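Notes follow the structure.
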Amino acid sequence: MPYFINDLLELPVTATQDYSLFHILGTYSLDLWKRQISQIMQQHGLINFIVHPDYLDTADARDTYKDLLGYLVQLRGEAGLWIPLPGEVDTWWRQRSKMKINSVNGEWRIEGEGAERATLAYAVMKQDRVCYEFI
C-alpha cells in the first residue's frame, strides 16, 4: 500500500522490474507478473510496475510489455481494476487520509471529500486469514 513520509506519498514498487525479469531471470513470460498481480489483488493492494523504455529494445521485450498491458486491460474489465496515473493515486490517498467514519442513525458512513468513491469493510478472521467483508 502507499504510505506517507511526512507530506510525501510513497508509491512502493510491488512487481518485479522489467530488467530483472528479462535480464536476471532471463524470461519474457508473464507468469511471474501474473502471480504477483494475483497476490496483490487478494490483499487489495497497489500493483505498481517500473518499466524502462531502454529495456524494451527487443521484439520479445516489447511483446511482453504489450501482453502485460493487455492483461491489465482484461483485469480492468473483468475485476474492476482501477488503473490510475501516479497523480491520481496521490489525490485518492490524500483524500482517504482525511476521511472520517461516523455513525448516522445507526448506520456507518464515510464522510469527507471523495467519500462517494470509498467503501466500508470489516476485517474478519477466516481460517487463520484476515479477510474483508464489504458493507
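Any read-out appearing in this document is the output of simple, stated calculations on the displayed coordinates, not a laboratory observation. Small disclaimer: the values here were computed from a predicted structure and weren't measured. All Cβ positions, glycine included, derive from the backbone under ideal geometry; neighbour counts span all protein chains shown.
So the values come out like this:
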{"item": "Burial ordering of Met1, Met125, fewest other beta-carbon atoms within 10 Å first", "result": "Met125, Met1"}
{"item": "In nm, spacing of pseudo-spin labels at Leu8 and Val124 (7 Å Cα→C-beta vector)", "result": "4.1"}
{"item": "Spatially proximal lysines relative to Lys66 (Cα-Cα < 28 Å; intrachain offsets below 8 disregarded)", "result": "Lys34"}
{"item": "Charge-dipole axis of the chain as Lys and Arg at +1 and Asp and Glu at -1 on Cβ define it, positive-most pick from His44, Leu30, Asn6", "result": "His44"}
{"item": "Cα centroid separation - segment 97-135 against segment 21-53, whole Å", "result": "29"}
{"item": "Over the chain, equivalent-ellipsoid semi-axes from the Cα gyration tensor in Å", "result": "34, 18, 14"}
{"item": "Under 14 Å, Cβ to Cβ, from Glu116 - net charge with Lys/Arg +1 and Asp/Glu -1", "result": "+1"}
{"item": "Spherically averaged projected area of segment 3-79 from its Cα convex hull (nm²)", "result": "6.1"}
{"item": "Difference of contour (0.36 nm per residue) and Cα-Cα distance, Tyr132 to Lys100", "result": "9.6 nm"}
{"item": "Amide N proximity, segment 50-81 versus Trp108 label position 7 Å along Cα-to-Cβ, cut-off under 13 Å", "result": "none"}
{"item": "About the Cα centre, charge dipole magnitude for segment 1-95 (Lys/Arg +1, Asp/Glu -1 at Cβ), debye", "result": "260"}
